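Taking it in order: structure first as structure tokens, then the write-up.
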Number of protein chains: 2
Amino acid sequence: MLFDLPTPGFSFELLATLGHARAGILHTPRGDIPTPVFMPVGTAGTVKAMTADELRAEPLDARIILGNTYHLYLRPGLEVIGAAGGLHRFAAWDRPILTDSGGFQVFSLAAINEIDDEGVTFRSHIDGSKHRLTPEVSMEIQRVLGSDIAMVFDQCPPGDADAAIHEVALARTTAWARRCRAFARADGQALFGIVQGGVDTQRRLRHMAEITALDFDGHALGGLAVGETVDETYRVLDEVAHLLPRERPRYLMGVGTPADLEKGIGAGIDMFDCVMPTRNARNGYLFTQGARVNIPNNANRLDMGPVDPECPCATCRTHSRAYLRHLYQAKEILYARLATLHNLTFYARHVRRIRERILAEGTRC
Amino acid sequence: MLFDLPTPGFSFELLATLGHARAGILHTPRGDIPTPVFMPVGTAGTVKAMTADELRAEPLDARIILGNTYHLYLRPGLEVIGAAGGLHRFAAWDRPILTDSGGFQVFSLAAINEIDDEGVTFRSHIDGSKHRLTPEVSMEIQRVLGSDIAMVFDQCPPGDADAAIHEVALARTTAWARRCRAFARADGQALFGIVQGGVDTQRRLRHMAEITALDFDGHALGGLAVGETVDETYRVLDEVAHLLPRERPRYLMGVGTPADLEKGIGAGIDMFDCVMPTRNARNGYLFTQGARVNIPNNANRLDMGPVDPECPCATCRTHSRAYLRHLYQAKEILYARLATLHNLTFYARHVRRIRERILAEGTRC
């Protein structure tokens, strides 16, 4: 079943469902994205340690990556990326890019000076310089970046904030979403709304009604896995995700572990992003079908077998755990490359396996 | 003209000479090495930031890389590399490897406890642990590493040492060379002697006579570019290099700039190694046919052109100076990869161009 999305050139095709889980294809002007999909995070114009060629190559075959508006705005800045003709050309990545709005990073990384109904004034975590982000500024940055999917600018209150703070943030996020929706975007740039509301399901559903009324190309759940228990995250997912509009892609922001992804897909989510595979790789944690491998462990010192014998990535086909452990201990750059390639391949295959199960066992749409 | 070398499976083919400069092929059991050749340095079982596939691919096409006995002995250690079946299998590199003897690193990196006629006792620069390196231990390490070309263990006195110290070091280096020559090597492992003697040409020639009498597969000049002036280095090269045996490969250790390589080839050298292209790359210095590019310079901020428009490497074909500058500023791992690939490609092409000139303008042998 093919659903046209509001932005020309974008459509969402539902192929099969299994319970709340869905398998589909998000069609974009820069290429098709089979869903569910995991999006590697390319914070500063590069998925850390990877080239575009490596991301595109089988068996990783990343169909979409994420870029961070906050980071790219601060460094290298819009003048540079604008001169390059946008983020795709700057980073030599020709497949789709989703950019976040900068909201989450402003609230988690920067020193906040002031939040008001207009926007947020903050100091850069890099050099302390003062900046102001508003819905319009965020959209303008994303327009210059030229991402394929932009996100609305939202206010992310701390998970443990009290109800009054949540209500102010929610009202503001809805007003900001409306302003983002009204802002002129780049050609071929879709826009997703973000549903906030913490772990209170009634509040979530109320906000969902406000956001979904604004006719976005897709909908994200924000403010989950930000400090609440896993049980709470999963409960909210179970109660909320499948109620997001069926005919539009659903995106769970910043989540998570392989188990989280499986849970999210089961709850009806189509898109995920997280720094976990890339960051864990650099820190020595490698995912496998079996137990997670902690590469510095002495057990790997003389282990001439691959990280995961079932894995078709170049790292596992070419190198031993012993070699990876040595590179890690010696702080060699090659370690970060090989480990990142493996973890991203693991995530891509993990999600593809679930997708194939939905297609094989589910109901065709 | 084809000269068999003492070690079975090795031969040296002289194709053409132009003045003292020579173009040839060093034939080894693991493949042919066109000479003159620049050998990328793979200190700790990896040419920093590069995969074996990238080193092998055109237009870089590295035919031989270097491994450091001192570093590999300390970390990961012989038990690990032995269990892997040698350095080639450990690092997944199937082309030739030359290993140094550890001498230079012991004298430059470690805390020396004692030097005597038997060997050197030192403390590791990594963890302060105490070790002893002798000619026999160095050869045993290189046997386990399984390099294609091993180097004799030598004593490297500081460049400004007085004559008496030089004489003791020279006598010791000759005695140690003899002991290395007598030690059983791995199958298919050649051994090069090292001529020391500082910047005193008569001393160099005297030592050359002692070393070349020992029937090594090739000969190296050690102890150059270790603090003396460039003029002194060049003078010694001019006076000494062409007097090394014509029918065996000649190797100038640890040198140098692109200009140094051109000078060395003109003086009759066939092989070079240096950390300059890889280390400079990581530090922001990129070589080009024109002026050297200092990538952090503000001039590169908005420069959407390649580092070197004449360079066929993937970095120059794909990425702008502005993107490289951004990655450098953001301390992204991808920067080190792209910069290293470019500098190594520059060095490979620089030496190949000189080789082609010798073949085109020189006298066929």
Report summary line: Spelling it out for A:Leu221: with amide H atoms placed in the peptide plane at 1.01 Å from N, the residues 5 or more places away or on another chain with amide H under 5 Å from its amide H are A:Val195, A:Tyr251, A:Leu252, A:Met253
Query raised in the report: Once you measure Cβ to Cβ distances between cysteines in chain A, which Cys have no partner under 4.7 Å?
Result: A:Cys156, A:Cys180, A:Cys274, A:Cys313, A:Cys365
Query raised in the report: What residue of chain B sits with its beta carbon nearest the rotation axis taking B to A, and at what distance in whole Å?
Result: B:Ile333, 3
Requested in this report: Give the accessible surface of segment A:20-125 per residue, rounded to a whole number of Å², with probe radius 1.4 Å and ligands, DNA and RNA excluded.
Outcome: 32 Å²
Report summary line: If labels are modelled 7 Å from Cα along the Cβ direction, A:Ile165 lies from its partners in the other copies at nm distances, smallest first, of 6.6
Query - Where B meets A: accessible area buried, both sides, 1.4 Å probe, Å² - result: 3000 Å²
Query raised in the report: Which residues of segment A:284-312 bury at least 40 Å² of accessible area once all protein chains are present, versus their chain alone (1.4 Å probe)?
Result: A:Arg301, A:Leu302, A:Met304
Query - Rounded to whole Hz, the Karplus (6.51, -1.76, 1.60) HN-Hα couplings of segment A:337-353, x for glycine and proline - result: 5, 5, 5, 5, 4, 5, 5, 5, 5, 4, 4, 4, 6, 4, 5, 5, 4
**Report entry** Accessible surface of segment A:44-134, 1.4 Å probe, proportion on carbon and sulfur as whole %
**Finding:** 47 percent
Report summary line: In Å, the C-alpha Rg and Dmax of chain A are 20.1, 60
Query raised in the report: Whole-Hz Karplus ³J(HN,Hα) for segment B:215-224, in order, using 6.51 cos²θ - 1.76 cosθ + 1.60 and θ = phi - 60°, x for Gly and Pro?
Result: 6, 7, 6, x, 9, 10, 9, x, x, 10
Query - Nearest-first distances (nm) between copies at A:Asp231, label 7 Å from Cα via Cβ - result: 8.2
Report summary line: For peptide B:86-92, the mean count of other chain Cβ atoms within 10 Å per residue Cβ is 3
Query raised in the report: For segment B:1-68, which semi-axes, largest first and in whole Å, follow from the square roots of 5 times the eigenvalues of its Cα gyration tensor?
Result: 25, 15, 11
**Report entry** Under 5 Å, built H, 5+ apart or other chain: amide partners of B:Met39
**Finding:** B:Phe272, B:Asp273, B:Cys274
Report task. State, to one decimal in nm and shortest first, how far the label point of B:Arg75 sits from each corresponding label point in the other identical copies (label point: 7 angstrom along Cα-to-Cβ). Result -> 2.6
Query raised in the report: Can you give the convex hull volume of the alpha carbon atoms of the protein assembly as shown per residue, in Å³?
Result: 167 Å³
Query raised in the report: On the accessible surface of segment B:202-350, probed at 1.4 Å, how many percent belong to carbon and sulfur atoms?
Result: 48 percent
Requested in this report: Compute the distance in nm between two label points, each set 7 Å from the Cα along the Cα-to-Cβ direction, one at B:Arg279 and one at A:Lys331.
Outcome: 1.6 nm
Query raised in the report: Under 5 Å between amide H atoms, partner at least 5 residues away or on a different chain: which partners does B:Ala16 have, H built in plane at 1.01 Å?
Result: B:Ala23, B:Cys365
Query raised in the report: Where a ≥ b ≥ c are the square roots of the eigenvalues of the C-alpha gyration tensor, would you call segment A:147-273 rounded, which needs a/c under 1.5, or, failing that, prolate if a/b is larger than b/c, or oblate?
Result: oblate
Report task. Starting at the first residue of segment B:163-168, write each ³J(HN,Hα) from the Karplus equation 6.51 cos²θ - 1.76 cosθ + 1.60 with θ = phi - 60°, in whole Hz, x for Gly and Pro. Result -> 4, 4, 5, 4, 5, 4
Query raised in the report: Ordering A:His166, B:His131 by how much accessible area each has at a 1.4 Å probe, largest first, what is the list?
Result: B:His131, A:His166
Requested in this report: Give, in nm to one decimal, the length gained when the segment between A:Ala360 and A:Asn113 is fully stretched (0.36 nm per residue of separation minus the Cα-Cα distance).
Outcome: 83.7 nm
Query raised in the report: Of B:Lys263/B:Lys331; A:Lys48/B:Lys263; A:Lys331/B:Lys130, which ones are farther than 31 Å apart at the Cα?
Result: B:Lys263/B:Lys331; A:Lys48/B:Lys263
**Report entry** Accessible solvent surface per residue of segment B:231-365, calculated while the other protein chains remain in place, 1.4 angstrom probe, Å²
**Finding:** 39 Å²
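The values are calculated or read from the model by the stated rules, or taken from the named source; none is laboratory data. Just so it is clear, the structure is predicted and the values come from calculations on it, not from any experiment. Methodologically, a virtual Cβ is constructed for each residue, glycine included, from the backbone with ideal geometry; neighbour enumeration extends over all protein chains shown. Heavy atoms of the whole protein, side chains included, go into the accessibility calculation; ligands, DNA and RNA do not. Shrake-Rupley method; radii C 1.70, N 1.55, O 1.52, S 1.80 Å.
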